[in-house]
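What follows is a set of notes on a single structure, which appears directly below.
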Amino acid sequence: MRHRLAAATLVVAGLFAGPPGAVRAQSATVEMTADRTEVGVGETFQVQVRAEANGAEPELVVPRFDAFQVLSRRMARPMQFRFGFGNRQQVVQSTTVYDFTLRALSEGSHRIEPAKATVGGRTFQSQPLTIVVGGGGAPAGVPPTDPAPPGNTVDAAEWDPTAFVRTVVDDDEVYVGEQLTVTLYLYSRGGIRSSPTVHEEPTTDGFWVHDLLPPNRTLDPHRQVVDGVAFNVYVLRRFAAFPLQAGELRVGGMEISLSQGSLFDIFNQQVTEVRRRGDPVKVRVRELPAQGRPQDPVVVGDFTLEASLDRSQVATGDAVTLTAVVRGSGNVHDARLTLPAVPGLRILQPQVSEEVVAPGDRVGGSRTYEWLIVPEQPGTHRIPPLALTAFHPDGERYERIASDALTLLAAGNSVQGPDEPGGETDPSPEPAEDQAVRFGPVRTRSDLERGVTSIASSLWFLALLAIPPLTWLGLLLAGVTRRRLAERGLAGAPDRAVKRARRRLGAAEEHAERGDPRAFYAEIFQVLKDVLEARLGEPVGGFTHDELRRHLVVRGMQQDLALRVVDELEGLEFARFSSTGTAPDEMRACVERVQALLARLDGFTPAREVDE
């Protein structure tokens, strides 16, 4: 029995102590697997990267997924065992797992490079993966793999292996007034961390422009291979441009700057700042054909014209409304109607309204004219047809469009207008001689006598004189009180900001549970902003990301904390308008990261503000 007890004691001692070489040995295994290796375009699949290390925590670097769209990313450390006594703890085994949800964007055989882990200066890597993407078409809601418009297009771009801006027009020769569709694309070698900063919008001198994209939209990437290089392609602008004059016009390039780097690779990818300017595109604009062109104004497009009266019978002197509506595709703003004069009718100036729509990126809509018409003579009045001339660019032909003639029946006596003879009457005739106005006798003094007591000696006058100094004294005391209250409020501002941040985090989690990622990221962004401003005692909204990071360091914040804060703010701004941050797991991970940042910011005491 004593021998068995001694043996057990030796085994336990060997477990905790062990050979020195066994404790210090550092090794790792890295595996990368996929739930399936054959998918169709637009389908999603899972990829897992798993690293297990002995002796230390591995520094794991996941591969780039250039041929796929990253929908979600999750990292976990499910296993981590530590043995030792007191402060001499040693990591015996550590596991790190990354789970990715990817979407296939283009057909072909795509290779995913091995994942790598570094432990104790040694590098270990997994096997590569090959994903075969077949055809079959993308499901509804999946963007096409090539965003470039088909057909007769003209574009200008200076190819760059990192990023470039491309300007595309659907035609290089149009008529005056004919729609030209312009699209500007951003080609980025990697993902972008936030919406690009626009330094100069494309110039459109000589065009009337209508935007074709909604104001609130997300920058979702498409995938396109250019000269053997895969790019993420983003639509920056799309608008309809209508030439106002003939000749050679130019659509200028767009200048932007952007931060390259995936939102989900924030911990293991360097951020690259690039600035790019697109090339302009020249367009030849032709005059409308002279053959068959009428003298009246011409509108370019396909239109219809309708006219109607709200009443066909009315008493003389009463007003009726004539409504004419021009509908169709084209620049309805160019549609001009004129109602000719009709004897016996007084026609007032029309009220004009228009509605512009762009279904399928083709601009159209309606333009409405409303005239008030007052019949001044009884009888049947014929209102001639309204007309305009339209030019069809496809058939290069003119077409006269007219409404039906209208009839208005007026009954009653004639009504004279205010400008006609006898139309104005004098309501105040001259008085007769014996009815002339007579004035009484002129008095040289007043019959009113002043009271005995003067105003200056009355009590209410003295009270009025005392009001200004008393008011000034009250304002002075109120200002001092407000200053003292403000100083007390500033002293407790950080604590109140932290309390508000806790409440906002709870509200953000409620947004995440309801599936509202925009409201979630907006709430989280405000949490970090409020806590930063309370700690610094100054607003931070006017800083760029780089300026804010430098300013935080100047105010005494540690370099790594300042970088993490700015990276998180930048990532939140991008995730708020992107579809890649909508996964519930990513929103939960975002809350955990922000909670960790708040804990560190709680111990941050800023230095006195100095000139940077």
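Just a few scattered comments:
- Proportion of all alpha-carbon pairs of the range 502-563 beyond 12 Å (%): 71 percent
- Ranked packing of 157-165, 515-523, most packed first, by mean Cβ within 10 Å: 515-523, 157-165
- Of all lysines in the structure, those lying under 21 Å Cα to Cα from LYS529, and not within fewer than 8 positions of it along the same chain, are LYS499.
- Counting Lys and Arg as +1 and Asp and Glu as -1 over every other residue whose Cβ lies under 12 Å from the Cβ of SER366, the net charge comes to -1.
- One quarter of the surface of the convex hull around the alpha-carbon atoms of the range 167-210 equals 4.5 nm², the direction-averaged projected area.
- Think of a 1.4 Å ball rolled over the protein heavy atoms: the range 277-414 then has 54 Å² of accessible area per residue.
- As a length-normalised measure over Cα pairs under 8 Å and 6 or more apart, the relative contact order of the range 239-361 settles at 20 percent.
- Using the average count of surrounding beta-carbon atoms within 10 Å as a protection proxy, the listed peptides 470-479, 45-54 rank, highest first, as 45-54, 470-479.
- Under the Karplus curve 6.51 cos²θ - 1.76 cosθ + 1.60, θ = phi - 60°, whole-Hz ³J(HN,Hα) for the range 33-38, x wherever Gly or Pro sits: 10, 10, 5, 7, 10, 10
- Residues in the range 178-194 carry Karplus couplings, in order, of 8, 6, 10, 9, 10, 10, 10, 10, 10, 9, 10, 4, x, x, 10, 8, 7 Hz; the curve used is 6.51 cos²θ - 1.76 cosθ + 1.60 with θ = phi - 60°, and Gly or Pro positions show x.
- Sorted largest first, extent of the range 309-353 alpha carbons per principal axis (Å): 40, 19, 14
- Accessible-area composition of the range 204-334, carbon plus sulfur, in percent [1.4 Å probe]: 43 percent
The values are calculated or read from the model by the stated rules, or taken from the named source; none is laboratory data. Not measured: the values here are computed from a predicted model. Cβ coordinates were reconstructed from backbone atoms using ideal geometry, including for glycine residues, and neighbour counts include every protein chain displayed. For the accessible areas, the whole protein counts, side chains as well, though only heavy atoms, and no ligand, DNA or RNA atoms are used. Shrake-Rupley method; radii C 1.70, N 1.55, O 1.52, S 1.80 Å.
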